[in-house]
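Here is the structure we will look at, set down as structure tokens.
Computed from the coordinates by the stated procedures, all read-outs in this text should not be read as laboratory data. Quick caveat: nothing in here was measured; it's all calculated off a predicted structure. Neighbour counts run over all protein chains shown; Cβ positions are idealised from the backbone, glycine included.
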Amino acid sequence: MIHKNLFGALALTALTLTAPVAAKAAPQHNRPRIVVTMMVDQMTWDYLYRYQARFVEGGFKRLLTQGFNCENTRINYLPAYTAIGHSSVHTGSVPSIHGIAGNDFFKDGNPIYCTQDTTVSSVGVPNGVSGQMSPRNLLTTTISDELRIATNFRSKTIGVAIKDRASILPAGHTANGAYWLDDKTGNFITSTYYMQDLPEWVKKFNARGRVAELLKDGWNTLYPIDTYRESTADAVPYEQPWDKDGKFPATLPLNTAELAKVKGPGVIRTTPMGNTLTFEMAKAAIEGESLGSRADETDFLAMSHSATDYVGHRYGTFAVETEDTYLRLDKDLADFFRYLDGRFGRDGYLFILTADHAAAHNLTFDRDHKIPGQAFRSDLARRIADSAACAYIGRDAQIVRGYMNYQVFFRQDLIDSLGVNRHGLYQAICKALKDKLPGVAYAVPAEEVAMAAIPDAIKTRIINGYRKGRSGDIFIVPDPGWYSKSGTSLPQGTTHGVWSPYDTHIPLVFMGHGVRAGHLYRETYITDIAATLAALLKTQYPSGCIGHPITEAFAPAATSAAPTATTTRRR
């Protein structure tokens, strides 16, 4: 009897093992309803903590408690400029590959603006060049392009910013629309690259006249001005006034309504109201395009806040105006999160905060506090390069095409026609720059940098930043604390562009769908952002992506679904 039962059990087991097994259904894509990238132009990493005591609970503090904060994210190329940063975040690539070598650079031997495209026309402004823009100078796809491809172009992508480049480059080549502010009209416009006429929702938004409304009450501090402990006194000589006759000084309160009458509605760029306007336009885009309204598709909103950059350039990193701008941005962000929560639910969206670059402290501020740094004379750099070239060739051959982005550009066709030895010429000019131009740490030919005696961290950034035909032929690296300035006048406001942490250490926080809360302190890079999004969204990487997913940010379900190959680390 025991044997019968045993044989019966064995037979049943054999039958079970040989019977067809029903295949398990493959897990479906678990994408959010919408992805929102928020680029804050010129936001240094430490602003998250410097102003934290006055942040409201639902804005930046929410990101720091509910999001995954990559505390040590660096830019891994040179120079650290706006167009490159917006491109690199969304492509996971660097200028050497994606081709955006600066806000301005040379193309086919001629100077060009990064999104300039004379083959298209302005839409939303008559006979204007402010709309002759497109992403055609960007040589790779973006993460939003890859999402569109992955969904057979059913997903939608919209770019919104005050700056044209901050809207166009993140939105990518296949965007359904990109919109930016026209200074003369105060309206959001686009180009025929995207469409022949503005959508009705954009026309309605423009018709509201929000720029004038936001500027009419002026700019005063959110709190009593004497409580702004994270700033210098409001009246300091290294903040840039709006005019020379003292009617619009670099102090608060500022009569923005009167200022707009003199300089036009574009003054909103350099006020916190510019950020408010951007949030409002972003909400209008979500509603007008029904972004995130389809449960089975994921849409993409590339939102860039440019007012922070204009404020920083005019007032510097320790100004009352800068502190007030971030406190107001925080309140606007809290309101935007409430809007997203109500529309999509807390798990219905994936939100990313980062920046295109950071910023140096004003040079006079540094001097007053005994911090090293001086003005790097960009006008002298061009003269020294010209003089050294003439000395090497033996006559004035005018082979220097220009100087920009801490780079010297040459007329390569003229060098060829003269039969000049490039190596010898470049070395002579580099030596002259190092010997005669104060503040030069390194001057190196771009195509010889691999063998140069400079630190690997700087060497890598030059290699990543060099795009032949668009970048300069010689890269100049200033000493820490030095930044480019023309002339001998008092430095006002601030700028950015160099490799130092104050220019290249940026915030990066992921929050929402598929992301866990936490902090990460190992080094990550701006190029890792698109790779992380690709892993979370289950899309192909952008076509020039060199980044790696930050898998520590993934919630457990997202981690288990991620391909094992993406967990390989390189640092």
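Listed peptides 436-443, 72-79, 147-154 appear in the order 72-79, 436-443, 147-154 once ranked by packing, highest mean of other Cβ atoms within 10 Å at the front.
Proximity of backbone amide H atoms, modeled 1.01 Å from N, is registered between VAL123 and THR190, SER191, THR192 at under 5 Å, excluding neighbours fewer than 5 places apart on the same chain. Counting only residues at least eight positions apart within a chain, or on another chain, the lysines with an alpha carbon under 19 Å from that of LYS434 are LYS459, LYS485.
The charge dipole of region 375-485, taken about the Cα centre with unit charges on the Cβ atoms of Lys, Arg (+1) and Asp, Glu (-1), comes to about 220 debye, rounded to the nearest 20. Please state, as a whole number in µm²/s, the translational diffusion coefficient that the Stokes-Einstein equation yields for region 375-485 at 4 °C and 1.567 mPa s, with Rh defined as the Kirkwood radius across alpha carbon pairs. My calculation gives 92 µm²/s for D.
In debye, nearest 20: dipole of the chain around its Cα centre with unit charges on the Cβ of K, R (+) and D, E (-)?
The calculated dipole for the chain is roughly 1000 debye.
Per-peptide packing, taken as the mean over residues of other Cβ atoms within 10 Å, places 188-195, 445-452 in the sequence 188-195, 445-452 from highest down.
What are the lysines whose alpha-carbon lies under 19 Å from the alpha-carbon of LYS244, with same-chain residues fewer than 8 places away excluded? Partners found: LYS261, LYS263.
The residues neighbouring PRO249, those whose beta-carbon lies less than 15 Å from its own, together hold a net charge of -2 under the Lys/Arg +1, Asp/Glu -1 convention. In region 375-485, a dipole from Cβ-located charges (positive for Lys and Arg, negative for Asp and Glu) runs towards its positive end, and of ALA389, PHE376, VAL408 it is PHE376 whose Cα lies farthest in that direction. Between ALA452 and PHE153, the modelled label-to-label distance comes to 4.3 nm, taking each label 7 Å out from Cα in the direction of the beta carbon.
With a Förster radius of 22 Å, plug the Cβ-Cβ distance of TRP201 and GLU57 into 1/(1 + (r/R0)^6) and report the FRET value to the nearest 0.05. The value I calculate is 0.10. One Cα centroid belongs to region 208-241, the other to region 455-511; the line between them spans 29 Å. The HN-Hα couplings worked out from phi for region 412-418 by the Karplus form 6.51 cos²θ - 1.76 cosθ + 1.60 (θ = phi - 60°) are 5, 5, 6, 4, 4, 5, 7 Hz, whole numbers, x standing for Gly and Pro. Full extension of the segment from LYS431 to SER290, taken as 0.36 nm per residue of separation minus the current Cα-Cα distance, would add 44.9 nm. Database remark: amide H of PHE300 closer than 5 angstrom to the amide H of VAL35, LYS156, THR157, ILE158 (H placed geometrically; neighbours at sequence offset of 5 or more, or on other chains; Pro and chain starts carry no H). The label-point distance for LEU490 and ASP379, in a model that sets each label 7 Å from Cα toward Cβ, rounds to 1.8 nm. In sequence order, region 493-499 has phi-based couplings of x, 7, 8, 7, x, 9, 7 Hz under the Karplus curve 6.51 cos²θ - 1.76 cosθ + 1.60, θ = phi - 60°, and Gly or Pro positions carry x. Modelled this way, with points 7 Å down the Cα-to-C-beta line, the labels at TYR49 and ILE225 are 3.0 nm from one another. Using the Cβ-Cβ distance between ASP108 and ALA441 with R0 set to 35 Å, the FRET efficiency from 1/(1 + (r/R0)^6) comes to roughly 0.65.
In terms of the mean number of neighbouring beta-carbon atoms within 10 Å, the peptides 300-308, 321-329, 107-115, 178-186 order highest first as 300-308, 321-329, 178-186, 107-115. The mean sequence distance of close C-alpha pairs (under 8 Å, at least 6 residues apart), as a share of the length of the chain, puts its relative contact order at 27 percent. With the convex hull of the Cα atoms taken as the outline of the chain, the averaged projected area works out to 33.9 nm².
Dimensions of region 243-282 based on its C-alpha atoms, expressed as ranges along the principal axes with the largest first, amount to 37, 18, 13 Å. For LYS107, the amide hydrogen comes within under 5 Å of the amide hydrogens of ILE112, counting only partners 5 or more places away or on other chains and with H modelled in the peptide plane. Across region 57-71, computed HN-Hα scalar couplings (Karplus, 6.51 cos²θ - 1.76 cosθ + 1.60, θ = phi - 60°) run 5, x, x, 4, 4, 4, 4, 6, 9, 9, x, 9, 9, 8, 6 Hz from first to last residue, x flagging Gly and Pro.
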